1. For helix 52-64, what angle does its Cα long axis make with the longest principal axis of the chain, in degrees from 0 to 90 and rounded to 10?
2. Report, for the chain, the % of DSSP beta bridges that are antiparallel, rounded to 5.
3. Among 33-40, 53-60, 106-113, what's the highest-first ranking by average C-beta atoms within 10 angstrom per residue?
4. Size of the dipole of the chain about the Cα centre, Lys and Arg at +1 and Asp and Glu at -1 on the beta carbon, nothing else charged, in debye to 20?
5. Calculate, in nm to one decimal, what residue 106 and residue 84 gain on full extension: separation in residues at 0.36 nm each, minus their alpha carbon distance.
6. For a label point 7 Å from the Cα of residue 9 along Cα→C-beta, name the residues of region 83-122 whose backbone N is under 16 Å from it.
7. What are the principal axis extents of the Cα atoms in the chain, in Å, biggest first?
8. Please work out how much length the chain gains when fully extended from residue 53 to residue 120, using 0.36 nm per residue of separation minus the C-alpha to C-alpha distance, in nm with one decimal.
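Computed from the coordinates by the stated procedures, all read-outs in this text should not be read as laboratory data. What you are looking at is a predicted structure, and each value in this text was computed from that prediction instead of being measured. Don't worry about glycine lacking a Cβ; one is built from the backbone with ideal geometry, like all the others, and counts go over all protein chains shown.
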Amino acid sequence: MQKKLLTSQRPRVGIGILVIQNGQILLGERINAHGFGTWAHPGGHLEYGETPFECAQRELKEEADLTATEITAGPWTNDLFEEDNKHYISLFMFVRHFEGKPKVMEPEKCSGWKWFDLDQLPNPLFKPLSNLLEEYTIFEEHKYHDTHRNK
């Protein structure tokens, strides 16, 4: 028998932005949100009428004051946050070229941005990123040929 699904229980679409430069990824420690105390990439909810590319551009500017000059679509994950009664489909977007320096724009949500080597990530990781790393080998192609392209 199938349970009746409440609107509040329907999955939401999250956009995860993997900012990669010189073999490192940009992560911030989450505060005051689900995933509290975990290390996460910039990202947020896909808004009505928005493409994943537009969402990635908007969220990256809102959260880290970076302007992506190139965005590439990546894989997705199915993320169930049982403790928070939340379910997300997370679409990942790669940003290897951007303008600006990371700055905390939402101090109520993120304690600070830091660069981490792709093979030395902090713990614990935000569930979508952790699920991504369990399901895909995503960083091999990004380790050594990333450059910050200035315009």
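1. 70
2. 75
3. Answer by packing, highest mean first, reads 53-60, 33-40, 106-113.
4. The calculated dipole for the chain is roughly 240 debye.
5. So the extension gain works out to 5.8 nm.
6. Hits in region 83-122 for residue 9 at 16 Å: 83-88.
7. The Cα atoms of the chain stretch 55, 32, 28 Å along the principal axes, largest first.
8. On the way: separation 67, 0.36 × 67 = 24.12 nm, distance 2.77 nm.
Gain on extension, residue 53 to residue 120, equals 21.4 nm.
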